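Nothing in this text is a laboratory measurement; each read-out follows from the coordinates by a stated rule. What you see is a predicted model; the values in this text were computed from it and never measured. Cβ atoms come from the backbone with ideal geometry, glycine included; neighbour counts cover every protein chain shown.
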């Protein structure tokens, strides 16, 4: 891959997704695009990119974009966040909502492990919840909707007891049981897009997403998240993520790494 091709990839990713590609990822980008080139019938990544620049095709462009998104995820990643969610937030929100289902959004859900983890946490807590998982990648969403994972994937984050309780095994595949699957729905969404309706969530998980974005794009995504969150709701970022001036709409919760609530100024503005 030439530096010029990589520069054009950087521009494509930034404009469509807000993701920042740095030069140290050039080799990784070429490695990830290899399977896309073969799948699309090109002899090489260079040939595929030449064709894409000469005649942009939406399906090929998004195939390239999806391959360059960070897909890394696992069940109950950052366990402390899930403990806070299940032991503290779910009971409190269920009481506040008078038993109505708690609406939870897994934003940037990749292949679905986070969304299923949230549904399992609610089931174990005995709290009705409706989990929505969204991502830009159609291929990741197909995997998420299947609710089926390999032995390696299922053991990455789940204890044997949890695996056996909430998943059915068939050889080396593990598929979420119907009661888990009924609590989750998946949809394709771009976090850069402003909300088109008034629906809002009680809890939003948007973890390990913001650090990959261009600084200017982070503010837009946070604004969209704020508009999607109820005034007494909670936002989970990664445990080591801070906002550092990216948004005045949220403030951190003392003693809870990665947990944020709306700032008083954001609530006043919404009113």
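The relative contact order of the stretch 3-68 comes to 29 percent, based on Cα pairs under 8 Å that sit 6 or more residues apart. Using C-alpha pairs under 8 Å with a sequence gap of at least 6, the mean separation divided by the residue count of the stretch 45-174 gives a relative contact order of 24 percent.
Among 104, 45, 184, the order by Cβ neighbours within 10 angstrom, fewest to most, reads 45, 184, 104. Compared with the dominant principal axis of the Cα atoms in the chain, helix 45-54 is inclined by about 90°. Each part gets one Cα centre, and for the stretch 133-191 versus the stretch 223-244 those centres are 24 Å apart. When 199, 167 are arranged by Cβ crowding within 10 Å, least crowded first, meaning fewest neighbours, the order is 199, 167. Please report the relative contact order for the chain, taking Cα pairs under 8 Å with a sequence separation of at least 6, and give it as a percent rounded to a whole number. It comes to 16 percent, rounded to a whole number. Residue order for 170, 110, fewest other beta carbons within 10 angstrom first, comes to 170, 110.
Among beta bridges from DSSP that stay inside the stretch 83-221, the antiparallel ones total about 35%.
Only helices enter the 222 nm calculation for the chain: every DSSP H run of n ≥ 4 contributes -39,500 (n - 2.57), and dividing by all residues gives -13000 deg cm²/dmol, rounded to 500. Seen against the Cα atoms of the chain and their longest principal axis, helix 215-228 is set at about 40 degrees.
Between 0 and 90 degrees, the angle of helix 58-68 with respect to the longest Cα principal axis of the chain falls at about 70 degrees.
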